[in-house]
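The values are calculated or read from the model by the stated rules, or taken from the named source; none is laboratory data. A quick note: this is a predicted structure, and the numbers were derived from the prediction, not measured. Here the Cβ positions follow ideal geometry from the backbone for every residue, glycine too, while neighbour counts run over all protein chains shown.
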Amino acid sequence: MTAQNLLQLNEDENLDNDIVAASEFAQRYLAAEQGSQEQASMAAALTVLLDDPSRGIRKAIASVLASSTYAPAHVVRCLAGDVDEVAVPILKSSPILSNAELVDLLAEGSDAVQCAIAEREGLPAAISAAVCEVGSERACQALLSNSSAQVLQSSMLRLAQRFEDRPDICDQLLKTADLPLANRYELLMRLAESLDDHPIVLERVPENQRHTFLSDAEDKVVLRLALEATEEELPDFVEHLRLRGKLNTRLLLRSVCCGRLRFFAAALANLGQVPLPRLARLLVTVRRSALQAVLRKAGLPLRAHQAFLLAIDIARQADADFTYDLALDEARMLTETLLEEMQDGALGADEDVAAFLRRFAIEVARLEARLLVKNGSLQITAAA
């Protein structure tokens, strides 16, 4: 390769030939022996071509050098700061660029630049954190789709804070295993709140029933998350709910009726300030009078005590120990038995608690029926 050859390349009217030649120079550089005259000549040629006005030539060089560890560093860095069409292959693959350089390029780059960096194989946690902090919505979506990226829990939390009102990112976040339960709850609450003016809700739910409908939706979110929670996650999740004022009588009654006994025990332990292992033992061993003291300490209203005490008795008869959740059929039987026990007017004038229980019984029956249909245990035939 001589200076004359290079000038001829720049003056050639056939751009396709120029692009092929530029690609060959890059390939010859990578194939040349380290420190050889051939390598030095090719490096000089590639350096000159960085100023070529044709982005097709610069793109051809970038495509060849993008994934190579041996590419000339100064050429790679120039290409990384070029127009998006040229820079993207380098940003997405080049091992030459340091983490600090990538963070700088990310902060100043376009959507395409940020997405290319977010899509890098094995993206380190530090760069993922930068994407979560300053990246565009598209770049953050690209990061969440990058299964090889290292993303710390703190970075997930930052994404949840930045994009809590963006359904697409919320959906991706909810599918990740590393998002803490409390943050998963907050994202789902945002979605539940958006139902208030959803066309389907406005059309199908009478105005006087919308508050109940939305409250039920929130409770269902909590109990769904409680079902998936590990033993380590559950106490922190319950505390988060307490701080938000969500550990109310309705939710605890619903948890019992839906068979979420682990959540019920954790909530009662939290409200009554009793260690969870001790509370679980109390629920299966002590007398009613002692349990009522626990319910009082937890701040649950006296009018609901009878329902809770009956539910605990029925769970005991089924040998439940409040360290595991009931299957749907067991939950339905518990709720139906609870309602039967209360038909004698044990609640006195507090019919609202009984109304809660009747609604929960219908809900559990529907859930069980849907599960049977889903599992193929029940066939539904349409009328001819």
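If only residues of segment 327-363 that are of a type in the set (V, I, T) and modelled with pLDDT of 75 or more are counted, the one that is farthest from the chain's Cα centre (by Cα) is T337. When residues in segment 192-221 are screened for being surrounded by 16 or more Cβ atoms within 10 Å (Cβ to Cβ), at pLDDT 65 or above and closer than 22 Å to I169 by Cβ, 4 of them pass. There is at least one residue in segment 87-100 that is among the charged types (D, E, K, R), touching a helix residue (DSSP H, G or I) at 6+ places or on another chain (Cβ under 6 Å) and assigned by TED's automatic domain parsing to the domain that holds L30.
In segment 26-48, is there at least one residue being of a type in the set (D, E), touching a residue at least 40 places away in the same chain (Cβ under 8 Å), more than 21 Å from I117 (Cβ to Cβ) and part of a loop (DSSP other than H, G, I, E, B)?
Residues of segment 26-48 that are of a type in the set (D, E), as a first pass: 33, 38.
Next, only the ones that are touching a residue at least 40 places away in the same chain (Cβ under 8 Å) stay: none.
No, that holds for no residue.
In this structure, does L328 turn out to be under 16 Å from L253 (Cβ atoms) and not acidic (D, E)? For L328, the condition - under 16 Å from L253 (Cβ atoms) and not acidic (D, E) - is not met. The lone criterion from (1) without any contact (Cβ under 8 Å) to a residue 12 or more places away in the chain; (2) assigned to a helix (DSSP H, G or I) left unmet by S147 is number (2).
If you check L7 against the conditions, is it at pLDDT 95 or above and not charged (D, E, K, R)?
On the way: at pLDDT 95 or above: no; not charged (D, E, K, R): yes.
So L7 fails the test.
Checking the conditions here, which among R262, R254 is touching a Phe, Trp or Tyr at 6+ places or on another chain (Cβ under 9 Å), at pLDDT 90 or above, surrounded by 20 or more Cβ atoms within 10 Å (Cβ to Cβ) and basic (K, R)?
Numbers: R254 fails: at pLDDT 90 or above.
The conditions single out R262.
Within segment 314-324, no residue satisfies the criterion of being out of contact with any helix residue (DSSP H, G or I) (no Cβ under 8 Å at 6 or more places or on another chain) and either under 14 Å from F263 (Cβ atoms) or surrounded by 14 or more Cβ atoms within 10 Å (Cβ to Cβ) (or both). Quick one: S54 ticks every box in (1) surrounded by 18 or more Cβ atoms within 10 Å (Cβ to Cβ); (2) under 30 Å from A142 (Cα atoms); (3) at pLDDT below 95 except a single one, so which number is it? Among (1) surrounded by 18 or more Cβ atoms within 10 Å (Cβ to Cβ); (2) under 30 Å from A142 (Cα atoms); (3) at pLDDT below 95, the lone unmet condition for S54 is (1). Surrounded by 16 or more Cβ atoms within 10 Å (Cβ to Cβ) and touching a Ser or Thr at 6+ places or on another chain (Cβ under 8 Å), is that true of P95? Spelling it out, it is not the case that P95 is surrounded by 16 or more Cβ atoms within 10 Å (Cβ to Cβ) and touching a Ser or Thr at 6+ places or on another chain (Cβ under 8 Å). Could you check, for segment 300-314, whether at least one of its residues is under 25 Å from the mean Cα position of the chain (by Cα), among the basic types (K, R) and within 19 Å of F356 (Cα to Cα)? Checked segment 300-314: no residue is under 25 Å from the mean Cα position of the chain (by Cα), among the basic types (K, R) and within 19 Å of F356 (Cα to Cα). The number of residues in segment 109-144 being part of a loop (DSSP other than H, G, I, E, B) and either out of contact with any helix residue (DSSP H, G or I) (no Cβ under 9 Å at 6 or more places or on another chain) or more than 18 Å from A177 (Cβ to Cβ) (or both) comes to 9.
Could you go through segment 29-45 and let me know if any residue there is surrounded by fewer than 16 Cβ atoms within 10 Å (Cβ to Cβ), modelled with pLDDT under 95, in contact with a Lys or Arg (Cβ under 8 Å, 6 or more places away or on another chain) and more than 22 Å from V83 (Cβ to Cβ). Yes, there is a match, as at least one residue in segment 29-45 is surrounded by fewer than 16 Cβ atoms within 10 Å (Cβ to Cβ), modelled with pLDDT under 95, in contact with a Lys or Arg (Cβ under 8 Å, 6 or more places away or on another chain) and more than 22 Å from V83 (Cβ to Cβ). Can you name every residue in segment 81-101 that is part of a helix (DSSP H, G or I), more than 14 Å from I57 (Cα to Cα) and of a type in the set (G, A, S)? Listed by number, the residues that qualify are S93, A100.
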